[in-house]
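> For reference, the structure I am asking about is given below.
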Amino acid sequence: LRFPQKLWKMLESDQFRSIWWSEGGKCVAINKDLFEMEVLSREGQQVFHTQKIKSFMRQLNAYGFTKMQRNFQRSASLPEFLSEEAAASAHSQILYYYNPSFNREHPMLLATCKRR
């Protein structure tokens, strides 16, 4: 399987907790630390031909995925601001990637997801 098909299969599987569909199936969400342990460090049964997160991200970029930033609305009150900061830092290890040809609701677009 090509990279996009492997990624799709992984997202549709219940086997992995480190990667999931986000934003109504339009983005791929990856818990970076958990993904490194759960997927890239697998012994014997590698999903991708790399053990490095940077190489995996280069593959995403090569197939037209772009990194998305999560924007949090900040509160004016200090206690609310601090709790929002804590929530934002918990999300900092989660990476979001978007590709218009990679959409859960439109699996037929997967064929158009080509390497640049």
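The values are calculated or read from the model by the stated rules, or taken from the named source; none is laboratory data. The structure presented is a predicted model; accordingly, all values stated were derived computationally and were not measured. Positions of Cβ are backbone-derived with ideal geometry, glycine not excepted, and every protein chain shown enters the neighbour counts. Surface accessibility is based on the protein's heavy atoms, side chains included, excluding ligands, DNA and RNA. Shrake-Rupley method; radii C 1.70, N 1.55, O 1.52, S 1.80 Å.
> How do THR112, THR50 stack up against each other in accessible area, from largest to smallest, with a 1.4 angstrom probe?
THR112, THR50
> Suppose the chain between GLN15 and ARG2 were pulled fully straight at 0.36 nm per residue; how much longer would it get relative to their current alpha carbon spacing?
So the chain would gain 2.7 nm between GLN15 and ARG2.
> So what does HIS106 come to for accessible area, using a 1.4 Å probe and Å² rounded to 10?
80 Å²
> Ranked by accessible surface with a 1.4 Å probe, highest first, in what order do MET10, MET57, MET68 come?
Output order, biggest surface exposure first: MET68, MET57, MET10.
> For segment 1-64, which GluC sites (Glu not before Pro) are both in a DSSP coil and crowded by at most 11 other Cβ atoms within 10 Å?
Details: sites: GLU12, GLU23, GLU36, GLU38, GLU43; in loops: GLU43.
Of the GluC sites (Glu not before Pro), the ones in loops of segment 1-64 whose Cβ has at most 11 other Cβ atoms within 10 Å are GLU43.
> Could you list which residues have their amide H under 5 Å from that of MET68, counting only those 5 or more apart in sequence or on another chain, with H placed in the peptide plane?
TYR96, TYR97, TYR98
> Follow-up question, since we're still on this one. In nm, what is the difference between 0.36 nm times the number of residues separating ARG116 and MET37 and their Cα-Cα distance?
Fully extending the segment from ARG116 to MET37 adds 25.6 nm.
> How large is ³J(HN,Hα), in whole Hz, for each residue of segment 19-28 in order, when computed from phi with the Karplus curve 6.51 cos²θ - 1.76 cosθ + 1.60 and θ = phi - 60°, using x for Gly and Pro?
9, 7, 6, 10, 6, x, x, 9, 10, 9
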